[in-house]
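The values are calculated or read from the model by the stated rules, or taken from the named source; none is laboratory data. Just so we're clear, the structure is a prediction, and the values are computed from it rather than from any experiment. All Cβ positions, even for glycine, are placed from backbone atoms using ideal geometry, and neighbour counts span all protein chains on display.
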Amino acid sequence: MAWYGTASGDSLDGTVCRNEEFAVDFNFPDIDWSTSYGSSWSSQNFVDSIENGFLTKHVTDGTCNGAVLDLVITSEPHMIDAISVLGRFGATDHNILQWEIQLCSVYSVLTKNCLNYAGADFPAIRRAPRETNWQTVLQGDANQQWQSFHQVLKSL
């Protein structure tokens, strides 16, 4: 079994996304996935490739005689909602995998409020500093002057 998919495009909110998914029978029975250790060079090289590529392995249950041989690997950790190992596939010793996939994982990296300048009155903003009486606004020491200046700018 081998499957490779790429989901790319625009989400409903206009976010452009590109996610990749691999589902393959990798046949590395000597990999201990709980420690990310492969006892052979090729197995360890495979584990290192997944980690160095910042990929996420989603299958945790055995897929072939208790070993995790069939994997679903994605480029986004939140791309797979649920994964299940079902019964055997025909007369083979492999199990069927079923998963739910988010084609475009969207999450915000912004954690603070941002000003929206789209509706700003720029002519009024340019006029306000010229019309401000800075002699009365800028009183006190440097810190007080800065706070006064800053307050005038924020009020624009």
Practice task
Could you run through the range 75-94 and say how many residues are more than 22 Å from S49 (Cβ to Cβ) and part of a loop (DSSP other than H, G, I, E, B)?
Solution key: 5
Exercise for the section: Return the residue satisfying two criteria in turn: it lies in the range 118-138 and is at pLDDT 85 or above and surrounded by fewer than 10 Cβ atoms within 10 Å (Cβ to Cβ), and of such residues it is nearest to S75 (Cα to Cα). Expected result: F122
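Could you please find all residues in the range 135-153 being over 25 Å from L115 (Cα atoms) and in a helix (DSSP H, G or I)?
Within the range 135-153, Q135, T136, A142 meet the criteria.
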Handout entry: Selected residue [part of a loop (DSSP other than H, G, I, E, B), among the aliphatic types (A, V, I, L, M), modelled with pLDDT under 85 and under 30 Å from A82 (Cβ atoms)] from L110, L115, L156
Key = L110
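Here is a check on your reading of the model: is G62 surrounded by fewer than 13 Cβ atoms within 10 Å (Cβ to Cβ) and at pLDDT below 85?
Working: surrounded by fewer than 13 Cβ atoms within 10 Å (Cβ to Cβ): no; at pLDDT below 85: yes.
Answer is no for this residue.
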